[in-house]
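Coordinate-derived values only; no laboratory data. Note that the structure is predicted; figures quoted are calculated from it, not measured. In this analysis, Cβ positions are derived from the backbone assuming ideal geometry, glycine residues included, and neighbour counts consider all displayed protein chains.
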Amino acid sequence: MSAEAALERLRAGDAPGALSLLDASSCDDGNPARHAARGMTLLDMNQPEAARTALRAAVSLGDTSPPTLLNLAIAEGRAGDLPRAHQLMEAVAEVMPDWDEPLLRLAESHRAAGDPVAAEHAYRRVLELNARREEALIALAGLLIARAEGSEARLLLLRCIGIAPGRAEAWAALGLALLLTAEPALAHTALTEAQRLEPEVAEYALHGIEAARVAGTADAELARLALASDVAPLNPVPLLARGILLERLGRRDEAIDALEAAAILAPDEVLPAKMLASVLARSHRLRDAEAALRRASELDPDDPWLRNNHGTVLMRMHQHAKARGVLLELIETHGEDPLVLCNLANATACLGLQEEAVGVARRAIELAPDAGLPRRALCNTLPYQDGITGATMLAALRDCAARLPRTGLGRFGNDRDPERKLTIGLLSGTLKTHPVGWLTVAGIETLDPARFGVICLAQNAALTDPIARRFRTAAQEWIDVDAMDDVTLATRARELGIDVLIDLGGYGDAARMAACAHRLAPVQVKWVGMQNHSSGLPEIDWFITDRWETPPELEHVYSERLLRLPDGYVCYSPPGYAPDVGPLPALANTCVTFGCFNNLAKVTPRVIATWAEVLRRVPGSKLVLKTHQFHDRPTADRVRTAFADAEIAADRVELRGSSPHRAFMGEYGQIDIVLDPFPYSGGLTTCEALWMGVPTVTLPGELFASRHSMSHLSNVGLDDWVARDAADYVALAVAKAADLAGLAALRAGLRPRVKASPLCNAPRFGRNLGAALRHAWREWCAA
Amino acid sequence: MQKLYAAADAEALTDRAAQLVTAGRLGAARPLLAAAKRLAPGSIRLADISARLALRANMPDAATAEIDEAVETAPENAGLRKRRAELRWQAGDLEGAARDAAEAVVLDRTDPAAKALLGVLMLELGRTTDAVACLAEAFGSVPGNSGFAAALATAQETAGDPDAALATLLRCVEAAPGRIDPRNAAILLCVRRRDYRQAARLAEDTRRAGIADACSFGLLGHALSSLGQHIEAADAYAEALKLGPQDPYVRHLVAAAGIRPGAPRAPAEYLRAVFDGYATRFEQHLISLGYRMPGLFRAVLRQHPLIAAGERVGPVLDLGCGTGLVALAIADLPVGPLIGVDLAPRMLAEAKAKGLYDELREADVMDVLREREKPLPPLAGEAGAYPLILAADVFCYFGALADVFAAVHANLAPGGWLVCSVEELLPDRDGVIPGDNDGQWALQRQGRYAHSLAYLRDTATAAGFQVLRLDRETVRYEADSPVAGLLAVLQRVPHVG
């Protein structure tokens, strides 16, 4: 009989063999057994429609045996006709009231169809017939666990384990049930047993570390997992689990070691690559994170989370063109998503495509009008847009601030003594080598320690960074806040008794200004760090500025009260490795070299047009632009084309990529005059140019960010480098370029002049900053 | 249920493990190495990587069996010999290490690293001439290798040829201008030779080369300050502080230069760093400076009533004993057992070599004095109390003296003596007493504190001492000028009745 021989093969696991045997004896079409065997074989090969046809034929030829009917029911169900399937299963169950199989199949079908109530009912009927049916015990327990009913699940699973102690899934489910009944130590034991039985299943190990954590035995679990790796060094699972547990315990370097070993050991698995990538990204090991995310995306190309994160990591690496490519592709394959659009807006702005960036941010707002992130993206792109006014900017900032969540954490109990020693909190992700660090650290170091204590609330801490070390030394306490959500952060800050909180991050990368909406301190102040304009946040009480940054006529475009420092609003701390100032290059070159080493995001089409006009009016002159974005060839080509369109010969404009800081500063040795971009002016870049002996022609506007150069130049007595409008900017550049003797003399004395000016006078700045903070505090005490 | 399986092959795992060991990522390398060994048992290359890992983890014994087996399997493999030499060296087996290193040189005569290793081991074994020869060959073939340069310079200096040592370091600077360590080694060598001009020049070259390093700036400050250029020195110290704000050594130097408000005493790290780099030349230096304190202490102790009567006084605590100069000066007096306390291990090694102390303790003075509750050593007489405590030029590393006087007082037996010396705080040329502690004490540019006579007297009295003697003395001569000091004999008031 071919049918029986075929079933024999099927039972031996050779479905294709069984099928070819059945096909070979096609002369026997009237035999229902052959159709039934064919149906079972096709079902096994996951071809439910064909199986259904064969099984229906078998039934119509008279084979109404319960197994055939049950197989038909299964085929009907898998082919999509659930009602018919369930009806057949019930019918078979009725015919054979002692057989538990049809009810089990019915239960599984209900469960697969997402109907847990019907499934549970059916499983209970199975267990009434056969209390030892393992699949039903495990599956019903699973449904109960999903409803958080641990006690009954626990009993069912204990029964199952009594029957079949070698079933890993039963032990694992028991572990989950015990977690629900608050018996984490026992849960951990059960999950450990599941791992012993099936050590390659990652899920058991991951539940195991969770149980150990709840049970408070994380250290023992780490040791156990290390031992498991020693015993089975080729199994990546214990390494993966250990890595994840170490990360949870905040031991990131060790976590990365373990996860990387797991990923190397199992290079084709997504899970280790994904976990490694996310820990690396959180640890700011961007290059490694990028490689891991790329690898994980290759292994699991359909995961949009991986690709979005890949894009953000590329942005943090300043590879904005690549990031934009990844994000655009993601939108193409997965459609528009507000979060992805926000990232895209930032990447686009950084490439100098300001109008497009603002458009993308506005599109994200359209898609998610109530969300905060798209508003933040708009606030981060608008300051670069040509023609932006203070009023438009303030309105956008207020819109964004209005959407931040707020929790009533209660009133502040800080002692209202106006003269007591104050605790100052610094909130920032950039307390390190970064414009924020260079411009604030000297001021913080020189605050009078008898009058002010400093606590750093740091995101993205960089342990070995030289400026981070200075902050650490100046502060009485350093707290890493990465793992705290906004409310936890605000609560912690209140526990620390912070009197005056200074935000040094705004809405930038790794910044936490949003937490200020919950209020961290009774007095909250905005200072450097994405301080491109007012915060727009009603909970920020004060804004540190100076008379050049915020003249009286611009006060109305700020939401805060102003703390105007008597000199500049920052104190520059120049690096010890800066090269010496050289002679004016124009003297040797016989032509003037203009330069701008600012980020391309600040270079708008109008800026390029204005620079082209300067180049036209100063014959033979050259322009050197230097920014990391020029490492991307299409971006550099776009800027070259823009100058060509303005009829500037290609050899007059030189585009350079980034370089190490000392070399970067050294390149000012080839620049005679810096041309500032607008509306977003240079900040630290202008200070560095001054330190290297090069003055900047600048055009201030209404935005705070448009007036940095003006502030720094005025602070060192160079207010004659500030233009009134674009025409004046061109005229000023032309006039300064014509006076080489004056330029050479200025350059020769500029470093000592800057060093002696308030811009670099840290003790004086520290006193002024202290006085401003004291004033803000006294106002709160008096209120 | 998703199962994860290893898919990497032995070679891939071995390569990655080797890279990770090189990168110092031992935690990641270890499991990969174990996995690779499971796939390729007995591999020579894996044994070598295990040995490298053991070296990096400072656990030489962990790889001993494996490397021995590998050397037996491949006796002609020079790399394995070199590796075993390093392991043996780390485990303290210098002779064994030297044998392996010599074998490695024979097996591969072109390998400068093997020669350098042998040279360093020769130096450790005290065979200076051989060391210089080996290291000169290694350095000659790779003059940009700062490790070879440092080792050769040390060997040359040990052989008594500091000129050659400096030349070696400068040649390395020329060959590898971007490396900081040969530059700092050269500057430090100049400072040690008291050639401050050359030191400052080299430090300035370093800055011009674009290297910003706390140590170079600190040494520049030291050199400039020694040349009397205090304002420029302060600038250099400020730069050093920016680069190493938490480094206690730098902080103390900077405080001494008057940039930051001074701490009430010098940090232990500073003392250890200064004196450990100094131990072997310390005595020579002090004697060349006309250091007078040991002799003055001897003269004072001879007037102690019991000592004068030939009775033994002890146990005696010698605080900040350094290389044991005071012990040497009083060796013939009936005092002892003598317990020396100092922070710097190399100073203590010099002291130990004198054989005059019954016990030497590497510890902070205050920590020892605060151990009052658990007396060390067990005493014959009154428990926990010394009849005599000596403190020659150690309180100059304390600003405020109240705490240390109170602690000494608590450690003295009733009637016991404290003999101590400090530098005296004197008004400057304009008649102003420096420092901001009401003229009581101030941190000076050399990193030591000076105290006024009145302050010493009042603080001692407040601590419960009777001042038996308080004299102005010259501590030593600097640039042929006397350095003013104070010598005090303070007595814990005896029990009455």
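Summary table
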item	result
Sparse-neighbourhood loop sites, trypsin sites (Lys or Arg not before Pro) in the range A:115-172 - DSSP loop, at most 14 other Cβ within 10 angstrom	A:Arg132, A:Arg147
Helix A:338-350 vs. chain A, principal-axis angle (Cα, 0 to 90°, nearest 10)	30
Partner chain coverage, peptide A:262-270 - average Cβ within 10 angstrom	6
Other-chain or far-sequence residues with amide H under 5 Å of A:Asn414's (modelled H)	none
Packing rank of A:692-698, A:730-736, A:476-482, where each peptide gets the mean count of other beta carbons within 10 Å, highest leading	A:692-698, A:730-736, A:476-482
Per-selection Kirkwood Rh - the protein assembly as shown (Cα, Å, 1 d.p.)	37.5
Per-residue Cβ neighbour rank within 10 angstrom, fewest leading, A:Met40, B:Met122	B:Met122, A:Met40
Estimated FRET transfer efficiency when R0 is 35 angstrom, pair A:His661-A:Leu249 (beta carbons, to 0.05)	0.50
Given charges at Cβ of Lys, Arg, Asp, Glu: the range A:379-468 dipole, positive-most of A:Leu404, A:Ile444, A:Ile424	A:Leu404
Cut-off under 5 Å, modelled amide H: who pairs with A:Glu654 long-range	A:Leu623, A:Val624, A:Leu625
Table column - 3J(HN,Hα) (Hz), the range A:231-237, Karplus curve with 6.51, -1.76, 1.60, x for Gly and Pro	6, 10, x, 8, 8, x, 4
For the range B:205-211, Karplus couplings with θ = phi - 60° (6.51, -1.76, 1.60), whole Hz, Gly/Pro x	4, 4, 4, 5, 6, x, 9
Per DSSP, loop GluC sites (Glu not before Pro) in the range A:47-117 with at most 14 further Cβ within 10 Å	none
Fewest-first ranking of A:His518, A:His320, using other Cβ atoms within 10 Å as the exposure measure	A:His518, A:His320
Label point distance in nm, A:Val214-B:Gln229, each placed 7 Å from Cα along Cα→Cβ	6.9
Pairwise label distance in nanometres, A:Ala483 with B:Ala167, each label 7 Å out on the Cα-Cβ vector	5.9
Order of A:Arg295, B:Arg472, A:Arg213 - criterion: other Cβ atoms within 10 Å of each residue's Cβ, fewest first	B:Arg472, A:Arg213, A:Arg295
Amide proton proximity set for B:Tyr386, modelled H, under 5 Å, gap of 5+	B:Leu412, B:Ala413
Calculated from backbone phi, Karplus (6.51, -1.76, 1.60) coupling profile of the range A:151-167 in Hz, x at Gly/Pro	5, 5, 4, 4, 5, 4, 6, 4, 4, 4, 5, x, 7, 9, x, x, 8
The range A:138-205 versus the range A:5-34: alpha-carbon centroid distance in Å	40
Cα-based helix-to-principal-axis angle, A:66-78 vs chain A, degrees rounded to 10	20
